[in-house]
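Undergrad: Please find one structure pasted underneath; my questions will follow.
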Ligand code: GLU
């Protein structure tokens, strides 16, 4: 068994992260497996090195030992480029020049838009461009993202995809919820979805422990895994910790960060006990 914890350094970890990391860590320990740590810092607009350093410190404080080295996503951009190339070679990506405004306008003009879990689906404007038009726009220097041509992808895959979720049972993937998702963003040269799927595959992760807030993403991740010839891990989409008012813990709420708890004299042993873990 290989599990992992994959935080984004966009703030400090809180109790909810501690719970998720300890769950993945214990799972690996119980099976004599490995526990990996991956820093998901591809979104350079939002991530900071200071937050990465704090994450390592907080996890060490909790007594978590990860297999070395830590995988830092920003050091592996070539892997995401290679995966992009593989999807391109299969004819599955197309450049999308639309801005958010363009998309909104197009949807308004059409008077309706199919919706997925994430809101209105991309109306396919750039999927319909001719090769000449694409070349001309690229040559003019217009920035573009790369989107997945989902119906082509599903045609290649041919059958329904599923995944095993230890908490929610067997699931049938519904990538239609995403439509033609952005696989390579304009600004960062990849996307969360592509990077996470490539990394879990390259790192041989067998069991993905993560919050239920990422459950929906798995519909798309299964498609990418299939197209990139990567195995399907088992998923454990756990519930999110809430505060005493029932609100989800959030990074922006500084009062509950591990750093703050530690600073206020709480010991790692006390916190682990509170979260239901042995010391
Ligand atoms: N980096 C993501 C986050 O911090 C988690 C990704 C994952 O576990 O798949 O929300």
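Every number in this text was worked out from the coordinates using simple rules, so none of it is lab data. It should be emphasised that the depicted structure is a prediction, and the values quoted were computed from it without experimental measurement. Ideal geometry is used to build each Cβ from the backbone, glycine not excepted, and the neighbour counts take in all protein chains shown.
Undergrad: What FRET efficiency, computed as 1/(1 + (r/R0)^6) with R0 = 30 Å and r the Cβ-Cβ distance, is obtained for residue 144 and residue 228, rounded to the nearest 0.05?
TA: 0.90
Undergrad: Sorted from fewest to most neighbouring beta carbons within 10 Å, what does the list 98, 126 look like? Present the calculation step by step, with values, prior to reporting the outcome.
TA: Working: 98 17, 126 22.
Lowest count first: 98, 126.
Undergrad: Where in the stretch 56-83 is the amide nitrogen less than 17 Å from a point lying 7 Å along the Cα-to-Cβ axis of residue 10?
TA: Zone members listed by number: 73-74.
Undergrad: Can you tell me how much longer the chain between residue 60 and residue 213 gets when fully stretched, taken as 0.36 nm per residue apart minus their C-alpha distance, in nm with one decimal?
TA: 52.5 nm
Undergrad: Which whole-angstrom value gives the distance between the alpha carbon centres of the stretch 197-232 and the stretch 120-162?
TA: 22 Å
Undergrad: Further question: Starting from the 7 Å offset along Cα-to-Cβ, what nm value, one decimal, do you get for the label separation of residue 108 and residue 132?
TA: Label at residue 108, label at residue 132, 3.2 nm between them.
Undergrad: At a Förster distance of 25 Å, what's the computed FRET efficiency of residue 90 paired with residue 185, Cβ-Cβ distance as r, to 0.05? Provide the component values of the computation, followed by the final result.
TA: Details: r = 20 Å, r/R0 = 0.80.
FRET efficiency, residue 90 to residue 185: 0.80.
Undergrad: To continue, here is another question. Got a sec? How would 44, 35, 215 order by Cβ neighbour count within 10 Å, fewest to most? Spell out each step's value before the answer.
TA: Numbers: 44 10, 35 21, 215 17.
Fewest-to-most ranking of 44, 35, 215: 44, 215, 35.
Undergrad: Something else: Could you check the simple spin-label distance between residue 274 and residue 67, using points 7 Å along Cα→Cβ, in nm with one decimal?
TA: The modelled label-to-label distance comes out at 3.2 nm.
Undergrad: Between residue 26 and residue 244, what is the label-point separation in nm under the 7 Å Cα-to-beta-carbon projection?
TA: So the two model labels end up 2.4 nm from each other.
Undergrad: Provide, in order from the shortest bin, the percent of all Cα-Cα pairs of the chain in each 10 Å bin, continuing until the bin that contains the maximum pair distance.
TA: 6, 26, 33, 23, 10, 3, 0
Undergrad: Given the rule -39500 (n - 2.57) for each run of at least 4 DSSP H residues, summed and divided by the residues of the chain, what is its mean residue ellipticity at 222 nm, to the nearest 500 deg cm²/dmol? All intermediate terms of the calculation are to be shown ahead of the outcome.
TA: Numbers: 10 runs with 106 residues, N = 279.
The helix contribution divided over the chain gives -11500 deg cm²/dmol.
Undergrad: Quick one: order 25, 94 by neighbouring beta-carbon count within 10 Å, fewest to most.
TA: Fewest-to-most ranking of 25, 94: 94, 25.
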